[in-house]
Amino acid sequence: MFAGKTEELLRRVRRAVIAGRRVEVFTHELDTRGKGRIASHAGLDFPSRAVASASAIARETDAEVDLVAIDEAHFFGTELVPVAEELARRGIVVVIAGLDVTFAGQPFEPLPSLMAVAESVDKLTAICTVCGADAVFHQRVGGAVAGDTDLVAEHVGGSEKYQARCRRHFAPTD
């Protein structure tokens, strides 16, 4: 979190639009913050469709689209991997943003699997809120319950629920 993943996805979407490419943007319906738009913490946004599953992305992608952008990929689970591969086989450029590590510090599927089959991967880092070092972890704060790992809308959030942390200052929760 806070590494600029959505901002980078939006940069790539805007470049594709400027180039005259047909673009479709999806996010998971668990993320209700945007109301028809994906938005970065920096305030950039773009129209998107919220869907409940990865299979909905495959069903709702227009045959004439050139680029599909998927934000909050971690909410789609491993079902997203074959969908992304199918879209890519159809000649569609697929740009995906999401968390690759849970707040417990464990690999967060489907990102590790998606990275394994991707042509290229850019791993962005945040800035540790404790010391300012590069941060690849996000610490749950503000009333987090240990062991509460279900993917539910209550866990979607920003700085009110999570802080970026480097390895030294990250304290995983069980």
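The values are calculated or read from the model by the stated rules, or taken from the named source; none is laboratory data. Model, not experiment: these values are computed from the prediction. Backbone-built Cβ (ideal geometry, glycine too); neighbour counts: all protein chains shown.
A few notes on this one:
- Note on region 1-95: enclosed strands (runs of 3 or more DSSP E) holding 2 or more residues that are without any contact (Cβ under 8 Å) to a residue 40 or more places away in the chain and not hydrophobic (A, V, I, L, M, F, W, C) are 45-47.
- For Arg22: the one exception among (1) buried (at least 18 other Cβ atoms within 10 Å of the Cβ); (2) farther than 23 Å from Ala126 by Cβ: (1)
- Single condition Glu119 does not satisfy, out of (1) at pLDDT 90 or above; (2) in contact with a His (Cβ under 7 Å, 6 or more places away or on another chain); (3) not aliphatic (A, V, I, L, M): (2)
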